Amino acid sequence: MRPLNLGAEPESARTELLEATDEQIDDAVTYADPMALRGLLYQLTGDESIAATKVGSVRGYVGGNLSVGLTDPADVALLRAKAAQFLKSYRDSGAGPIDPGPLERLPRSLALAGGMEQLPEDDVELWIEEFGLDPWARGLSWEQPPAPERVEGFSVIVVGAGMGGLNAAAQLKHAGISFTVIEKNAGVGGTWFENRYPGARVDSPSRAYMHILGAELDPPSPWCTRAENQRYFNWVADRYGIREHVVFDTEVVTMTWHEETATWEVVAKGPDGERVLRANAVISAVGLLSRPNLPQIEGLGDFAGLAFHTARWPDGLDLSDKRVAVIGTGCSGVQLVPELAKLAAHTTVFQRTPQWLFEHDGYLSPFPAQATWLDHNFPFHPNFMRFRTNWLLGPYLSGPTREIDPDFEDPYARSAVNKQIRDERIEFIKKKLASRPELIDKMIPPHPPFSTRPVQVDSGYNMYDAILRDDVTLITERIERVTLTGVRTVDGADHHVDAIVYATGFRANECLWPMEVLGRGGRSVHDLWSKDGPRAYIGVMVPGFPNLFLIYGPNMNPYGGLGVVNHEEMATRFLLDCISELILTGKSSVDVTEQAYWRYNDQLDEREKFKIYKDPRANSYYRNEHGRSVTNCPFPGNEMWHRLRRPDFGDLIVT
Ligand code: NA7
């Protein structure tokens, strides 16, 4: 394991803690996650009575995942008392920078926070990375210093300055490799720059939606708003000095590999027309959900009012005297409708398929002040919370809920746990819609939970509450067409509105679209993928397209284990190792063999057969028109970590 580069502790004393009263501390610890305290206190003190607290299965934490927690309230009380005691004596000793405790103890402390006796031996390094002490853990560590002229002669183009592109740029900069980022928008942030609709917020827990590079920050909310996410990405760009490397308002149109010079020629369109750039390597950090999908509905152009996609929400739009139609009820529609209902004169929701909603207390609120206080004043609390959140989303707890059990027989669910989750969801619907029972069946999805993206909502106010409002109408009749004045449904009803919002998702299955990408022999990547959709070798490389690396490529959307940011970081470290091989050896290209590409994809096809998203009743971007997933990763996060940990040069051709 590489040595840790410890960077998380502040340099001066924690003044807020110095001023805290005993009562404030006692109050704050009641807001702590007892499992995080279990790991944190053990790490800082080595107190074995902490390790002796008892754990067992408890109700799921995120989206119905299985979970492990403390089972005895006396143990919870013990941990809180010990946490308060620790903070008081730390305060009384001056609250200065503190050592994280022996690093040899960390695997056990993490296991305690996770609720395991021990971390699986092979995964220890993965979890220490997730803990976030070393901001560069998923970067390039040169095994030997490269000759300066070799590094200087190598350049990289990164396409996109969203979550993946910002990390790649920071890592390239840290490694001393020259790069330019091309970004189609006027600012960084990708998805969060573009999606400005009311109610937009992240649907993965924010503690697991920040890079390791950002582990020194604590998120303001458990599920950050669009503005909070955007602030975070701006912080990354500034903290790591990336902005000066970005060409904004410029969109890549074509990328062409030139064999004779072993370089990529990139044509990009900006405010001053087209420009041509050349680089030894290209990193595509384009997003999965970045190209709006406008629905195939007749008459789309006939509408005389305002019409736009959720990702194109006009700035400063006032809808207070407007009747607004929302078409689409995926994550975006379900986030939008409850907020829009408060802003518009009337909201009409066109729902073709309902989705499974998973409720959270406080989904719409910032963290309580006490939780934030703990982040700032309890050393390594953000790290343990970050670890704990990733753990709960990770492969051991979420993976099993996404698997089809071939022996399980049920008309609606695909495994015992899937049925339990479905039953719980239906209970939630019935509870919420008790006053309008005729709506209940309309809100029960035809497909099993997890066969499409689970939608996270607030327990108190969400889509179900919105459709109960007098100023919201739910329409489940199919749409026949859009008309001059609104939307006509197949029952002949005309729904007159002033504005139409298309919450109709993204072209997630068209990787690298609409760019033209030409590899060896002038072959288009879209031609290579024409048989059954985009594929890649471990999500990152495509044969015949040397020195082209994808960060959020085919089948890299986590499905049952860890999150997007983790996958992107792993892919980035992998590609940096490929680039360093070229720089160190003075060779000019790295490509993947056809054989390795297909071997990986055969394994992938085999593995996805037992994923719930293969259920034929489900219809979403989780599967393409060929019935396979281009987006989802059927391998658990820890398996992807091993696959991407370092390149297997037996699968690659370096020339
Ligand atoms: P999604 O999840 O792809 O949802 C798109 C929605 O649009 C969904 O309800 C679709 O209904 C609906 N849709 C699409 N085309 C039509 C037509 N022609 N007529 C009626 N309804 C239509 O996109 P989101 O933006 O909500 O979420 C994307 C991701 O963002 C999400 O996974 C989170 O990770 C965040 P359907 O279900 O196909 O019947």
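The values are calculated or read from the model by the stated rules, or taken from the named source; none is laboratory data. Model, not experiment: these values are computed from the prediction. Note that each Cβ is placed from the backbone with ideal geometry, even for glycine, and that neighbours are counted across all protein chains shown.
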For this session: Answer yes if at least one residue in the stretch 288-297 is near the ligand (Cβ under 10 Å from one of its atoms), hydroxyl-bearing (S, T, Y) and either surrounded by 14 or more Cβ atoms within 10 Å (Cβ to Cβ) or at pLDDT 95 or above (or both), and no otherwise.
Result: no
Exercise. Could you say whether any residue in the stretch 565-579 is more than 27 Å from the chain's Cα centre (by Cα), among the hydroxyl-bearing types (S, T, Y) and more than 16 Å from the ligand (Cβ to nearest atom)?
Worked result: no
Exercise. Yes or no: G139 part of a loop (DSSP other than H, G, I, E, B), at positive phi and in contact (Cβ under 8 Å) with a residue 24 or more places away in the chain?
Worked result: no
Exercise. Mind checking which residues of the stretch 180-192 are surrounded by fewer than 22 Cβ atoms within 10 Å (Cβ to Cβ) and either in a strand (DSSP E or B) or free of Cβ contacts under 8 Å to residues at least 60 places away in the same chain (or both)?
Worked result: T180
Exercise. Counting just the residues of the stretch 259-287 that are among the small types (G, A, S) and part of a loop (DSSP other than H, G, I, E, B), which one comes out farthest from the ligand (Cβ to nearest atom)?
Worked result: A262
Exercise. For the stretch 414-440, which residues satisfy the criterion of being assigned to a loop (DSSP other than H, G, I, E, B) and more than 26 Å from the chain's Cα centre (by Cα)?
Worked result: L433, A434, S435, R436, I440
For this session: Return yes when G165 is farther than 29 Å from E339 by Cα, buried (at least 23 other Cβ atoms within 10 Å of the Cβ) and away from the ligand (no atom under 16 Å from the Cβ) and no when it is not.
Result: yes
Exercise. Of the residues that make up the stretch 338-350, is at least one assigned to a loop (DSSP other than H, G, I, E, B) and closer than 27 Å to I500 by Cβ?
Worked result: yes
Exercise. Out of all the residues in the stretch 393-401, is one or more at pLDDT 95 or above and either touching a helix residue (DSSP H, G or I) at 6+ places or on another chain (Cβ under 6 Å) or away from the ligand (no atom under 16 Å from the Cβ) (or both)?
Worked result: no
For this session: Out of G492, G486, G505, G460, report the one residue that is on the phi > 0 side of the Ramachandran plot, of a type outside the set (K, R) and more than 16 Å from the ligand (Cβ to nearest atom).
Result: G492
For this session: Tell me, please, whether a residue that is closer than 29 Å to S155 by Cα, buried (at least 22 other Cβ atoms within 10 Å of the Cβ) and of a type outside the set (V, I, T) can be found in the stretch 488-507.
Result: no
Exercise. Over 25 Å from the mean Cα position of the chain (by Cα) and more than 16 Å from the ligand (Cβ to nearest atom) - does that describe any residue in the stretch 601-610?
Worked result: yes
For this session: Kindly list, by first and then second residue, each pair from a residue in the stretch 608-621 that is more than 8 Å from I404 (Cβ to Cβ) to a residue that is assigned to a helix (DSSP H, G or I) and more than 14 Å from the ligand (Cβ to nearest atom), limited to pairs with Cβ atoms under 7 Å and residues at least 6 apart or on different chains.
Result: E608/K614
For this session: Specify the residue that is surrounded by the most Cβ atoms within 10 Å (Cβ to Cβ); the eligible residues are those in the stretch 314-333 that are aliphatic (A, V, I, L, M) and more than 10 Å from the ligand (Cβ to nearest atom).
Result: A325
For this session: Filter the stretch 480-517 down to residues that are acidic (D, E) and outside any loop (DSSP other than H, G, I, E, B) and give me whichever is nearest to R535 (Cα to Cα).
Result: E516
Exercise. In the stretch 466-475, is there at least one residue being among the acidic types (D, E) and either free of Cβ contacts under 8 Å to residues at least 12 places away in the same chain or in a strand (DSSP E or B) (or both)?
Worked result: yes
For this session: Check whether at least one residue in the stretch 591-598 is over 19 Å from R138 (Cβ atoms), of a type in the set (V, I, T) and not in a helix (DSSP H, G or I), and report yes or no.
Result: yes
